[in-house]
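The values are calculated or read from the model by the stated rules, or taken from the named source; none is laboratory data. Predicted, not measured: the structure shown is a model, and the values here were computed from it. Cβ coordinates were reconstructed from backbone atoms using ideal geometry, including for glycine residues, and neighbour counts include every protein chain displayed. For the accessible areas, the whole protein counts, side chains as well, though only heavy atoms, and no ligand, DNA or RNA atoms are used. Shrake-Rupley method; radii C 1.70, N 1.55, O 1.52, S 1.80 Å.
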Amino acid sequence: MRRALITNNEVQTEVISEGRWIEEDPLPHSSKHVVLVIPGNPGIPRFYEEFVKTLNSKLTSDIPVWIIGHAGHVQPPENLEIAMPSDKKWAEYYGLTAQIRHKAEFIKKYIPEDAQLHIIGHSIGAWIALNLLKDSDINKRIRKCYLLFPTIEYMAESRNGIFFTNFITRFSTFLIFLSWIFTMLTPLFLQMLFIRIFCTLHGIPEKHAKLIQELLNPKVLRRIIKLANEELKCVREADHETISKYANNLWFYYGAKDGWVPVKYYRDMISKHPDLNAQLCKRGLRHSFVLNDSVDMGNIVGDVIQEDSS
């Protein structure tokens, strides 16, 4: 597994690869298949490492799996002195539409035109994947999109959407101020102690503690919250035209208990698109599967992609 920061759409972006690195030439006689993971929000690739390792283990050895983080969700170390675009240019670099352009630029730069691209979109990543299908230059490379716990409709009306609107949005300035105090004025050992206690109380594996500490960087947290607010405003009715047009290239996986995507959304979707390949989870996997259920989810998706690429 390799991890690096690259410049994509003028933003320092974290990318992780399992298998061939993004800038390496394909090996002779190697597969033309590439798997690209588009995360949810927060879009921090390292949360997906175990998922990708498991997924890759189910595929033939020459199929690389790449994860691209969301623009602005990983802050470069200060000692690198890499300038990030100002948040004043939100719509250009960090907003919801900008995140689509960000992924499109990556695909056009690093995915060969004759490759068969498998896109895994988790949560808002599923919404981004559906929008990428509208780009004719990208569409011809896509073999299939695998949409996991897809937040592609009426986010604001979901249980978590209502909570986010009434609490997180209302107190976002105060929460970001607290994150500044926590990360700037609290000694690192105390930060990690408090985060480990939080993880224990919420059943989050301790291995994620360092990532949570980085997520609490005020600059990162501000972008994460602002993007989520934009999602709640913009993700309304599902794009049924695109879903119908590319139904054969889509695979949906819904959670049975999902605070962002109620089962009602699954039932409405298969009612409108009865031939759609959509599954309702029977294993109790959670929307935030990267925290506890990475192996199970990796095995499920890996089996499906292996079947589709054979």
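Computed quantities for the displayed model
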| item | result |
| --- | --- |
| Subset of segment 48-88 [part of a loop (DSSP other than H, G, I, E, B) and touching a His at 6+ places or on another chain (Cβ under 9 Å)] | L59, T60, D62, I63, P64, H70, A71 |
| Hits in segment 162-207 - residues which are in a loop (DSSP other than H, G, I, E, B), under 19 Å from A228 (Cα atoms) and either open to solvent by less than 100 Å² (accessible area, probe 1.4 Å) or in contact with a Pro (Cβ under 8 Å, 6 or more places away or on another chain) (or both) | T169, F171 |
| Extreme residue, nearest to the chain's Cα centre (by Cα), among residues of segment 119-147 that are of a type in the set (A, V, I, L, M, F, W, C) and part of a strand (DSSP E or B) | I120 |
| Residue within segment 267-274 that is in a helix (DSSP H, G or I), surrounded by fewer than 20 Cβ atoms within 10 Å (Cβ to Cβ) and β-branched (V, I, T) present | yes |
| Search result, residues across segment 239-263 that are open to solvent by 10 Å² or more (accessible area, probe 1.4 Å), closer than 15 Å to E153 by Cα, among the hydrophobic types (A, V, I, L, M, F, W, C) and not in a loop (DSSP other than H, G, I, E, B) | V263 |
| Residue check for I63: within 19 Å of the chain's Cα centre (by Cα) and either surrounded by fewer than 22 Cβ atoms within 10 Å (Cβ to Cβ) or in contact (Cβ under 8 Å) with a residue 40 or more places away in the chain (or both) | no |
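Residues are listed down the side, and each one gets a yes or a no for (1) free of Cβ contacts under 8 Å to residues at least 24 places away in the same chain; (2) farther than 29 Å from E92 by Cα; (3) over 20 Å from the mean Cα position of the chain (by Cα):
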| residue | (1), (2), (3) |
| --- | --- |
| A247 | no, yes, yes |
| D258 | no, yes, no |
| V261 | no, no, no |
| S294 | no, yes, no |
| M297 | no, yes, no |
| G302 | no, yes, no |
| I305 | no, yes, no |
| D308 | no, yes, yes |
